[in-house]
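The structure appears below as structure tokens.
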């Protein structure tokens, strides 16, 4: 058994099985909860955003077959945003997602980023736990009902944060983000 990272693009044929699984998982967990299909979310960003010099996309291959993957893209001049961290459904509970996150952290640092940012959905507790275990700071109240946030934001500095830095927690609007969106659409 031979595992190795392969840097490519999200539209590479090798990525297709993982992207398909991730899209199906988003559909199962969220449906139209956020007002759009998972397919629309998965195609929101063009593949070139996940390519150097501003981003990167990798697959973890085992004997040439993709078993996990992930990406980052530019968020701001010092921050990369992690996206699409995923492990093949037949290869879970092996620490593969943690390996992908670690590799992406190293690559983002090599590309000049000092901070990582990401969001994960409120119906993905295993992803939340992965980021907490990997040293990411939640930008939300861990004890609050995660549904009021919708997307759970995290950050991690790859170098020491600025002196006196205090993370800014996201404060959801009254009733949560979904309720705020529904009020906005009703106006």
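What follows is calculated from the coordinates using simple rules that are stated; it is not laboratory data. As the structure is a prediction and not an experimental result, all values here were calculated from the model. Cβ atoms come from the backbone with ideal geometry, glycine included; neighbour counts cover every protein chain shown.
For the peptides 137-143, 102-108, 161-167, 9-15, residues were scored by their other Cβ atoms within 10 Å and the scores averaged per peptide; the highest-first order is 102-108, 9-15, 137-143, 161-167. Protection proxy ranking, highest mean first, for peptides 31-42, 60-71: 60-71, 31-42, where packing is the per-residue count of other beta-carbon atoms within 10 Å, averaged. Here the label points at residue 92 and residue 126, each 7 Å from Cα along the C-beta direction, are separated by 0.3 nm in the simple model. For the chain, rounded, prolate or oblate, judged on the Cα gyration tensor with a ≥ b ≥ c (square roots of eigenvalues), a/c < 1.5 rounded, else prolate if a/b > b/c? Oblate, since a/c reaches 1.5 and b/c is not below a/b.
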